[in-house]
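A.B. asks: What follows is a structure written as structure tokens; I'll ask about it next.
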Amino acid sequence: MEPFIVSARKYRPQTFKDVVGQEAITNTLLNAIENNHLAQALLFCGPRGVGKTTCARILAKKINQDGTEREDEDFAFNIFELDAASNNSVDDIRSLIDQVRIPPQVGKYKVYIIDEVHMLSQSAFNAFLKTLEEPPKHAIFILATTEKHKIIPTILSRCQIFDFKRITVKDASEYLKYIAEQQGVEAEESALHIIAQKADGAMRDALSIFDRVVSFSGKQLTRKAVTENLNVLDYDIYFSATDLILENNIPELLLLFNKTLSLGFDGHHFITGLASHFRDLMVCQHPDTLNLLEVGDDVKKQYQEQARKAPKDFLLKAIEMANDCDLQYKVSKNQRLLVELTLMKLASITFDGEKKNADFIIPASHFSNVAPQKKGTPIPQNNGTAQNTLDATPKPVSEPVKEEAVAEPQEAYEPTKKIQIKGPEKRVSGLSLSSIKVKKAHEGNKTSEISEEDLPKDPFSEEDMQQHWDDFVHELENQGRKILASNLNADVPKLKNENTIWIELPNSTMKKEVEREQSLMMDYLKQKLNNYSITLHITVNEEVAKKFAFTPEEKYEKLREKNPAIDLLRKEFDLDF
């Protein structure tokens, strides 16, 4: 039995024309050889399996060909390959430098291919610098690496750099098709596309996967055999899942997900593949983006048919939800429930991007017919059920207001059982446009208010006013507004005349804080006392401020006012504060 040679070695390109997916680099190297513009130090960078070492070997043979050699001449005596992963010491580089001085016996150039050059040590790089900058005229160095960022800048500046790109899915599948024809394998186009996608841009990986799948399925390479052998989900799973989502069929969708889990796939694999499927449907929406779909022609027709059923708004929402599930999957405690919840949400989306079971919202037209109530009239209280709110029939605007509401002010302005004190409103700068608009709106509202002459003005005593004042402060303390309550407790309010409440505060800061909440407090007192002509007069007494001692000097002055003998005691014993 003849020994088996893997496809990656058996079909390794022998000329630049055979190299797959690197036309820009191969054309540059050919032109450099023909025009004698080839640099003596080249650096080939790129991911694994894209043709770096292959191009280096082809270049080494190409520059030594003069037309007199045999067809099978490989110039083995002129090509030296060094694996820097195992020969990365200074002694290895010194041995290489000693060999460079010897001219070639056959051919014109000696080519040194150093693979995985980023594995060289720092001292080995430094020992290589001078030879790399000024090599002998018969020596050419080709360095290959997958990690360009690990090479020191002094090496990079001495080399002509070629960046190899990943092999596209289309190029890889076409080359696999050629290999299959050479081996007599009948392969479906979609199966070769799956192999190319699994290779992730590496031609060597694609050929290795191809050999493995051919060993599994024989001369008939089908998409089902490839998906089964490579442990990847078939397109049909995602097509079925999308159809169920569009039909809003949640039970069948959950059963399909459970079937996928029973095949050995995890939920993360399923949801990421579903997000990619939605993306592929999105690119099918426009002819210009159809080229972004990297699948076979037979599968492309399926994508186009399903893309006609799925609106663009739905796909955008679905991609966003699937991506959020992907991001939350690793941190979730119940990962299966997370995926199932996402699938249920996806199946609950309508074609306009909204959820079918959206929360009920009372339309604005419901409030357009509500008659404006007079200021001070009691607002109907909701008993906690939504039915009462929806069943309430508002009065039409044209219905006249009964005069009895004004004739009996005691009932119209009956205070509620519990006053809800709102938190402080958002502050805005006095110079901002927002504050000017608010001020104008407030002034406009003042003109539409009911005249104070029509409001009740019942007489009250100072004791009643102080009692309601204390109740208001107590409400503030219960709601956690300690600062305002403390400011209002700084002085006992007094009744200056029959309708003016007077309070004296120790500083202007406290005055500003009270004035900011003045309207809230006055509304409370007016309701409780049934007198809407009450006003509040706030003054600042600097002498009152002196009764608060804060610094040590102020405390000492306070004590000396009470007992002058303390000053004599301090002087006698030479005391300090």
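The values are calculated or read from the model by the stated rules, or taken from the named source; none is laboratory data. Here the structure is a predicted model, which means the values were calculated and not measured. FYI the Cβ positions are ideal-geometry reconstructions off the backbone, even for glycines, and counts take in every protein chain you see. Keep in mind that these areas ignore ligands, DNA and RNA; they rest on the heavy atoms of the full protein, side chains included. Shrake-Rupley method; radii C 1.70, N 1.55, O 1.52, S 1.80 Å.
A.B. asks: Taking just the alpha-carbon atoms of the range 137-252, what radius of gyration and Dmax come out, in angstrom?
C.D. replies: 20.7, 75
A.B. asks: Please work out the C-alpha center-to-center distance from the range 319-347 to the range 159-203 and express it in whole Å.
C.D. replies: So the two Cα centres are separated by 33 Å.
A.B. asks: I'd like the distance separating the alpha-carbon centroids of the range 1-43 and the range 461-488, in whole Å.
C.D. replies: 90 Å
A.B. asks: Tell me, what is the FRET efficiency for Asn249 and Ser215 to the nearest 0.05, using R0 = 56 angstrom and their Cβ-Cβ distance as r?
C.D. replies: 0.90
A.B. asks: Let me ask something else about it. Over all directions, the average projected area of the alpha-carbon convex hull for the range 236-359 comes to how many nm²?
C.D. replies: It is 8.0 nm².
A.B. asks: Still on this structure, please answer the following. Quick one: accessible area per residue over the range 173-218, 1.4 Å probe, rounded to a whole number of Å²?
C.D. replies: Per residue, the range 173-218 has an accessible area of 45 Å².
A.B. asks: What distance in nm separates the simple spin-label points at Asp470 and Val106, each placed 7 Å from Cα in the Cβ direction?
C.D. replies: Placing both labels 7 Å along Cα→Cβ, they lie 11.6 nm apart.
A.B. asks: Let me ask you something else. Can you pull the percent of the range 462-540's accessible area that's carbon plus sulfur, 1.4 Å probe, other chains left in place?
C.D. replies: In the range 462-540, the share of accessible area belonging to carbon and sulfur is 44 percent.
A.B. asks: Another question, then. Could you do me a favour and compute the accessible area per residue for the range 22-163, 1.4 Å probe, result in Å²?
C.D. replies: Value returned for the range 22-163: 52 Å² of accessible area per residue.
A.B. asks: Follow-up question, since we're still on this one. To the nearest 0.05, how large is the calculated FRET efficiency for Val90 and Gln160 if R₀ is 22 Å and r is the Cβ-Cβ distance?
C.D. replies: 0.30
A.B. asks: Kindly state, to the nearest 0.05, the FRET efficiency for Glu477 paired with Arg560, given R0 = 30 Å and r defined as their beta-carbon distance.
C.D. replies: For Glu477 and Arg560, the calculated efficiency is 0.25.
A.B. asks: If you stretched the chain out fully between Ser461 and Glu147, how much longer would it get, using 0.36 nm times the residue separation minus the C-alpha to C-alpha distance?
C.D. replies: Here the answer is 104.1 nm.
A.B. asks: Rounded to the nearest 20 debye, what is the charge dipole size of the range 22-163 about its Cα centre when +1 sits on each Lys and Arg Cβ and -1 on each Asp and Glu Cβ?
C.D. replies: Around 360 debye, computed over the range 22-163.
A.B. asks: Using per-residue counts of other Cβ atoms within 10 Å, averaged over each peptide, order 204-210, 274-280 from highest down.
C.D. replies: 204-210, 274-280
A.B. asks: Further, regarding this structure: Computing the accessible area with a 1.4 Å probe over protein heavy atoms, can you report the carbon and sulfur percentage for the range 174-236?
C.D. replies: 44 percent
A.B. asks: Let me ask another. Hey, any idea what Rg/Rh is for the range 246-299, computing Rh the Kirkwood way over Cα pairs?
C.D. replies: Computed over Cα atoms, the ratio is 1.07.
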